[in-house]
1. Could you tell me the extents of region 137-268's C-alpha atoms along the three principal axes, largest first, rounded to whole Å?
2. Mind computing the radius of gyration and Dmax over the alpha-carbon atoms of region 128-183? Å is fine for both.
3. So if each residue of separation counts as 0.36 nm, and I subtract the Cα-Cα distance between Arg336 and Arg169, what length gain in nm does that give?
4. Would you please give the residues with an amide H less than 5 Å from that of Ala451, counting only those at least 5 places away or on a separate chain, with H modeled from the backbone geometry?
5. Under 5 Å between amide hydrogens, which residues at least 5 positions from Trp457 or on another chain qualify, with H placed 1.01 Å from N in the peptide plane?
6. Give Lys249/Lys289; Lys2/Lys310; Lys289/Lys411; Lys387/Lys411; Lys218/Lys249; Lys249/Lys411 a once-over and call out the pairs whose C-alpha atoms are over 26 Å from each other.
7. Given R₀ = 41 Å, what would the calculated FRET efficiency be for Arg433 paired with Asp373, taking r from the Cβ atoms and rounding to 0.05?
8. Show the residues, 5+ positions off or on another chain, whose built amide H is closer than 5 Å to the amide H of Leu434.
Amino acid sequence: MKRFLSVWFPEWPLTRLRRARRGRTRGTARQSAQLAEERRAPFVLVESGAHGLRVVAANESARSAGVSEGLRFTDARARLPSIDSEEIDRAGDARALHHLGDWMIRIAPLVALDGDDGLMIETTGCAHLYGGEAAMVQSISQLLYREGIEHRLGLASTPGAAGAIARARSGVILPDGDEADGLADLPVAVLRVSEKAETLLRRFGLTRIGQLYGLDRKSLARRFHSREAADAVVLRLDQALGLRREPLKPLRPPPDYAARLPCPEPLLSTEGLVAGLEKLASQLCEDLKTLGQGAREFTLFAYRCDGDVKQASIRLARPSSDPIHLQKLFANHMERIDPGFGIDFLTLEARHVGRLNLSVRALSGALAGSDVDEVSLAALSDRISAKLGVESVRISQPHESYFPERSEHWKSFEGELPETAITAQIDRLRPIRLFDHPEPLEVLAQVPDGAPQRFYWRRILRVIAWVEGPERMAPEWWRYTAPPAAAPSPEGSDRKWLTPRADPRADAQIIARARKEAEAAIDESEHVIRLRPSAFSAGLTHEPQSKLLQSVIKACDEVKESEQIEQVWLRQAEMEDARRAEMRRHMPRARDYYRVEDERGGRYWIFREGLYGDGRGGLPQWFIHGVFA
């Protein structure tokens, strides 16, 4: 049996604005009196729409003067000329409601938004902490009244029934199974249906929820103009009666395990906060040990009296349920939690729960199965992460690559040292310090493949007294074997089924033969035909009468087509050569590494990137990659 508590704020935009102004004007008695006078003055919140400004919220003074929600602001000003107004802040209202929902998690771990002006809290299993459901509802009401938040409460076994009770009969606790009887006399508007659906139900004379019980669902659906509206009404009715499930989206995912500590008196010092953490850690770790479980993430929430929530989180390398270890890790965060006017509620949540390592530690290192004590190593990692930040402890894993900057990968330490199948096989000397990014050098060396003789590094000239190398590292070609994207072909020349390509030598023969036949045809014809390049595209000016002339025209068409194909073929070949040359310029270059020692005894690992004439860029460049001991 699940129980849900609906908290509805009937004037939430006005309440949020009032609380924000109270926070800005808190202090002197004159400011408090000024705030009270503003609350008694007629005031509305407006919002711009298709037909101008309209009233979306009005306080009690404005409503008593005939100004209500939905009224145009010009009509409201005509009824009450002295009325004050301000534009509504929807985003600010949503943020404040979300923040209030986080603060209400002190009541129960599952809190969800209920529209734009309400919260839905699942209180299953939480009522006994307050002495029953009635005491819980009274305690929550006093808590909200103390913060100056106007509210309505309703408790039932379904979220729909709880929301209807809160909006129509505030403070009522509906027993389990009495949803149908408890909602029968309530208006249909509390079912959270749309305004159009509510208006249509009123036209049919259906003003109470109980009147919908005896109606056939199909006949009820036929009364509406659209099936979506009918399904929405039926869905809301079934959800309120418990016939369909209504899922909730919590503001914060519920923790795997949690411990709660209400404070009889507000905590005003760090010492009291540390004492509360000690009780919570002992209680939570005891529950975890009973199940043989541990957690890798713990979060402490401190709920202040002024409605604010402070939190501190720690992450562990491996699951743990040691309360002393947790207190040591939280000690670095206690000073960052400001008690403010007092902390009256504490919770400690555990997430990412896993099985504990219950193996017995060896009496000595000689009896241990491994050279590394992973439990102590994980504890050390936790202390470092608590001081320096999450993921500040990383381990190096070897990676198969000849290039030094790609020969290892870094990952966060997860409590265990990974087993790698790659064995380092380095038969050459490597520097004790490798730079993350090679630094450029100015080097004097013989061209093209000579060893370096002197170089400038960090504005200091270093003359080389001893050199060993080169050690060539060729580019990893398998990283660059992907075929390049095909360039768009001009004029569809690659469409072989339409314009087949001919061999260039055959083209030349066709052109020569066609020209000879055309010249002979012109001399023998009794008509004068002038063959110009434009004639091939615009047509001949004289209608040919002999078959010989027709063959001439056909031969000229072949000449024209062959010339066009030849030009396209040459242009495409040039484009392909240019594209390949551009690709070669951007491909990685080979490296020649040298181990050098200068006259002062400094030993360096430098390399030349690129070769002269390799076609992969400009001149070779020199870099320093590391230093030897």
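The values are calculated or read from the model by the stated rules, or taken from the named source; none is laboratory data. As the structure is a prediction and not an experimental result, all values here were calculated from the model. FYI the Cβ positions are ideal-geometry reconstructions off the backbone, even for glycines, and counts take in every protein chain you see. The accessibility values were calculated without ligands, DNA or RNA, using every heavy atom of the protein model including side chains. Shrake-Rupley method; radii C 1.70, N 1.55, O 1.52, S 1.80 Å.
1. So the three principal-axis extents are 62, 31, 27 Å.
2. 11.6, 34
3. Numbers: separation 167, 0.36 × 167 = 60.12 nm, distance 4.34 nm.
Stretched fully, the Arg336-Arg169 segment lengthens by 55.8 nm.
4. Counting only residues 5 or more places away or on other chains, the set is Gln446.
5. When sequence neighbours closer than 5 places are left aside, the close amide H contacts are Arg462.
6. Details: Lys249/Lys289 31 Å; Lys2/Lys310 29 Å; Lys289/Lys411 30 Å; Lys387/Lys411 19 Å; Lys218/Lys249 31 Å; Lys249/Lys411 34 Å.
As for pairs spanning more than 26 Å Cα to Cα, those are Lys249/Lys289; Lys2/Lys310; Lys289/Lys411; Lys218/Lys249; Lys249/Lys411.
7. Numbers: r = 29 Å, r/R0 = 0.70.
So, using R0 = 41 Å, E works out to roughly 0.90.
8. Residues meeting the amide H criterion: none.
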